[in-house]
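A short reminder: the numbers here are calculations on the coordinates, not readings from a lab. Everything quoted here is computed from the prediction, not taken from an experiment. So basically every Cβ, Gly included, is an ideal-geometry build from the backbone, and we count neighbours across all protein chains shown.
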């Protein structure tokens, strides 16, 4: 992780794109573009066509796909790319998020408000579930990137304060906090809190990760599928799990 270089890439990209497009015209493209240029600064290694699909990055490390959401859209690419060379999926998660609201009529930007909820690496699981059948492939790797960022929304929602249902127009990273690499079955253990005492249930995992129960159950479904945990019995209707070391 190179914080200084990330800061430099971020500032350069934001200045360039705002000059060309102005605020609120890029959607997820700002975040995607910054990460792409951070992981591969050489333009000749970006947007490479391979067997009918375009890879974000192809370099000496293999194929790198920046995916900010919707992992289900990766399936067809993975069918092709995983047979060619190693594929690393980069997934950004906001660690500290500042919300900026923009008046839909005047364009006035309100004072940023810090979100009370901090992001965690465990938030990747709903996306991983969408590609669960690919996760045991020897050529697939994950890179979870924890970022501080600003999220810009237009006050055009359906609620009285216009915030519910409001349009999210941009996410601008301000700092890279941590990178978590998952390149093997054993490294999925990074996504199980150390303090979780065995055996544990989905309710225990929920408490340790601060996820909802449904997402905690999804997480353990994925971890079981890749062989990072095993079922060792039941506590009532809930499975008991232990880590596979």
> For the chain, what proportion of DSSP beta bridges, expressed in % and rounded to the nearest 5, is antiparallel?
Replying inline: 60
>> At R0 = 35 Å, how high is the FRET efficiency between residue 137 and residue 96 if r is their beta carbon distance? Nearest 0.05 is fine.
In response: 0.55
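Need the full-extension length gain, residue 115 to residue 43, defined as separation in residues times 0.36 nm minus the C-alpha distance. One decimal, nm.
Numbers: separation 72, 0.36 × 72 = 25.92 nm, distance 3.47 nm.
Extra length available between residue 115 and residue 43 comes to 22.4 nm.
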>> Which of rounded, prolate or oblate describes the stretch 89-212 when judged by the alpha-carbon gyration tensor and an a/c cut-off of 1.5?
In response: prolate
> Among 64, 93, 154, whose mean-square fluctuation peaks in a Gaussian network model of the chain (Cα, cutoff 10 Å)?
Replying inline: 154
> Based on DSSP H runs of at least 4 residues, each adding -39500 (n - 2.57), what is the mean residue ellipticity at 222 nm of the chain after dividing by all its residues, to the nearest 500 deg cm²/dmol?
Replying inline: -8000 deg cm²/dmol
>> With an 8 Å Cα cut-off and a minimum separation of 6 or more residues, compute the relative contact order for the stretch 123-239 in percent.
In response: 25
> So how far, in whole Å, is the C-alpha centre of the stretch 216-245 from the one of the stretch 87-117?
Replying inline: 34
> Can you give the percent of C-alpha pairs in the stretch 185-245 whose distance is more than 18 Å?
Replying inline: 22
> Taking the Cα-to-Cβ direction at residue 130 and at residue 243 and moving 7 Å from each Cα, how far apart do the two end points lie in nm?
Replying inline: 2.9
> Tell me, what is the percent relative contact order of the chain, built from C-alpha pairs under 8 Å that lie six or more residues apart?
Replying inline: 17
> Taking the chain as a Gaussian network, where each spring joins two C-alpha atoms under 10 Å apart, which residue of 207, 65, 40 fluctuates the most?
Replying inline: 207
> In nm, what is the difference between 0.36 nm times the number of residues separating residue 183 and residue 12 and their Cα-Cα distance?
Replying inline: 58.5 nm
> Given (i) 33, 25, 15; (ii) 26, 19, 19; (iii) 32, 22, 15 as candidate values of semi-axes √(5λ) of the Cα gyration tensor in Å, which corresponds to the one derived from the coordinates?
Replying inline: (i)
